[in-house]
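The values are calculated or read from the model by the stated rules, or taken from the named source; none is laboratory data. Keep in mind it's a predicted model, so treat the numbers as computed, not measured. Please note: Cβ atoms are built from the backbone with ideal geometry, for glycine as well, and neighbour counts cover all protein chains shown.
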Amino acid sequence: MVTETLRLYPEPPILIRRALESDVLPRANNLDNSVQEPVKVIKGTDFFLSCWNIHRSPALWEDPEVFDPERWRKPTPKHLVDAYNAGRSGEGDQRHWKGYTPDLSTLYPNELHADYAYVPFGAGPRKCLGDQFALMESVVMLAVVFRRFEFELTGKHDPLSAVDSDIGTPLPPPRTKWTRRVPHPVLIGHAASLTPY
Ligand code: HEM
């Protein structure tokens, strides 16, 4: 659930890098089947890498706009992997995209399992230091909150709604109504009979 949420709503929605050396980005296939020729990068160039777009690319994900936590149990369909690699078979571009492979030996899927199609915590030597902690903390926090509250959507959810924040958060404003499952301990005076969580 948390993994799928971070796919559709990565926070931050972009990663930033600076080229320490000049380089050439490999050939890539566009969604309309046209080919993006290799791009020369000049030393010192700053990059914005859009996790938002990578996570919602139909070239990498089946039904990318659908919130489907079950997708993490299945590998990327072969037709997507084949189509992606077919467009990248140009000269000098040897790397084969593997797609997502579920790895049940780890607690949460990460960027390596998806061969960099899933990067909510970044990738490489500067990736997030606290990813495993953050995921475990999220699950514990959600368990605590849902034990105490029920919630319901109060408006239409539009996964494509505009980004509207100074800090670039992709989350739309909350449209949920929260109701306590148990009465507030102070208001009913039975604090001792309620669990601390
Ligand atoms: C859901 C929660 C979190 C998300 C989505 C997140 C995401 C990120 C992202 C995208 C980066 C940049 C990675 C890159 O550029 O490749 C980052 C960096 C970092 N994060 Fe997190 N983070 C989360 C929670 C945490 C927590 C709980 C900690 C500490 C306990 C933490 C510590 C750091 C540190 C130290 C860096 C900088 C690493 C470096 O530059 O070498 N993060 N995080």
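Quick rundown of the values:
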| read-out | value |
| --- | --- |
| Long-range neighbours under 7 Å by Cβ, at least six apart or interchain, first residue in a loop (DSSP other than H, G, I, E, B) within region 107-127, second of a type in the set (G, A, S) and within 12 Å of the ligand (Cβ to nearest atom) | E111/A123; Y116/A123 |
| Residues of region 9-41 satisfying the condition of being hydrophobic (A, V, I, L, M, F, W, C) and in contact with a strand residue (DSSP E or B) (Cβ under 9 Å, 6 or more places away or on another chain) | I14, L15, I16, A19, V24, L25, A28, V35, V39, V41 |
| Checking P38 against (1) closer than 17 Å to N110 by Cβ; (2) away from the ligand (no atom under 13 Å from the Cβ), the condition it does not meet | (1) |
| Qualifying residue in region 44-53 (condition: within 16 Å of the chain's Cα centre (by Cα) and β-branched (V, I, T)) | no |
| Residue in region 129-138 that is in a loop (DSSP other than H, G, I, E, B), near the ligand (Cβ under 9 Å from one of its atoms) and farther than 18 Å from P69 by Cα present | yes |
| Among (1) closer than 23 Å to W52 by Cα; (2) within 16 Å of the ligand (Cβ to nearest atom); (3) at pLDDT 90 or above, the one test that Y100 misses | (2) |
| Close pairs (8 angstrom Cβ cut-off, 6 or more residues apart or separate chains): farther than 11 Å from L15 by Cα in region 41-54, assigned to a strand (DSSP E or B) anywhere | V41/D23; V41/V24; V41/L25; G44/R18; T45/R18 |
| Unmet requirement for D23, which otherwise passes all of (1) farther than 23 Å from A134 by Cβ; (2) within 16 Å of the ligand (Cβ to nearest atom) | (2) |
| Failed item in (1) at pLDDT 95 or above; (2) away from the ligand (no atom under 16 Å from the Cβ); (3) surrounded by 13 or more Cβ atoms within 10 Å (Cβ to Cβ), with F121 passing the rest | (2) |
